[in-house]
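To keep things clear, I will list the structure first and then write my remarks on it.
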Amino acid sequence: SLDFMADFFRDNTISQTMVKSKARVVWLQDWFPIKDCIYAISVDEEKKRVLVVFRGATTRADWNHGFDAAMKKGHNPVKDDYEGKKSYLKIHRGFYTYLFRTRKDTSTRKYDEIANKVYEYGTKIIGENDFTVTVNGYSLGGAL
């Protein structure tokens, strides 16, 4: 716990909030930082929340995905039924490629990897179907 550091920061600042948080990073994917989507997963047992944070654009590959702004028709990745659900969605092609392309080395998609890790750590640490998921990022990461 970093509670001892709370007094180092002014009240109600982001820094103080971060050190007081009970959330902990459980997964960081940065194996291929030049060409791959970089993200981290954090779990806050107290708030029953799993947080996925995407890195912003830093590499040429990141910027290329960001600038590939044509719209692509893609399958809706959400398996659950909900009112107004569409089978296909229009998605920014660069972001779609980042999350939904099939990888040559593992034959998986980044989206599936992230969803599986969120489920794995959420159920292991908090409990099955007892947590919310928050997704965040900056720049390219915010768009993802």
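The values are calculated or read from the model by the stated rules, or taken from the named source; none is laboratory data. Given the structure is predicted, the values throughout are model-derived calculations rather than measurements. Ideal geometry is used to build each Cβ from the backbone, glycine not excepted, and the neighbour counts take in all protein chains shown. Calculation scope for accessible area: heavy atoms of the full protein, side chains included, ligands and nucleic acids excluded. Shrake-Rupley method; radii C 1.70, N 1.55, O 1.52, S 1.80 Å.
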- Over segment 108-134, the set of residues open to solvent by 80 Å² or more (accessible area, probe 1.4 Å), modelled with pLDDT under 90 and not acidic (D, E) is N129
- Task: From G127, G56, grab the single residue that is more than 19 Å from the chain's Cα centre (by Cα), within 20 Å of W27 (Cβ to Cβ) and of a type in the set (G, A, S).
- Result: G127
- Item | Those residues of segment 107-144 which are part of a helix (DSSP H, G or I) and in contact with a helix residue (DSSP H, G or I) (Cβ under 7 Å, 6 or more places away or on another chain), in sequence order | K110, Y111, L140, A143
- Considering only strands (runs of 3 or more DSSP E) fully contained in segment 1-106, which possess at least 3 residues that are closer than 25 Å to Y119 by Cα and open to solvent by less than 90 Å² (accessible area, probe 1.4 Å)? 24-29, 39-44, 49-54
- Query: Pick from K79, K73: which is charged (D, E, K, R) and modelled with pLDDT of 90 or more?
  - Reply: K73
- Query: Among the residues of segment 4-35, how many are in contact (Cβ under 8 Å) with a residue 24 or more places away in the chain and of a type in the set (S, T, N, Q)?
  - Reply: 1
- Identity of the residue in segment 92-111, within 17 Å of the chain's Cα centre (by Cα) and among the β-branched types (V, I, T), that ends up farthest from G56 (Cα to Cα): T108
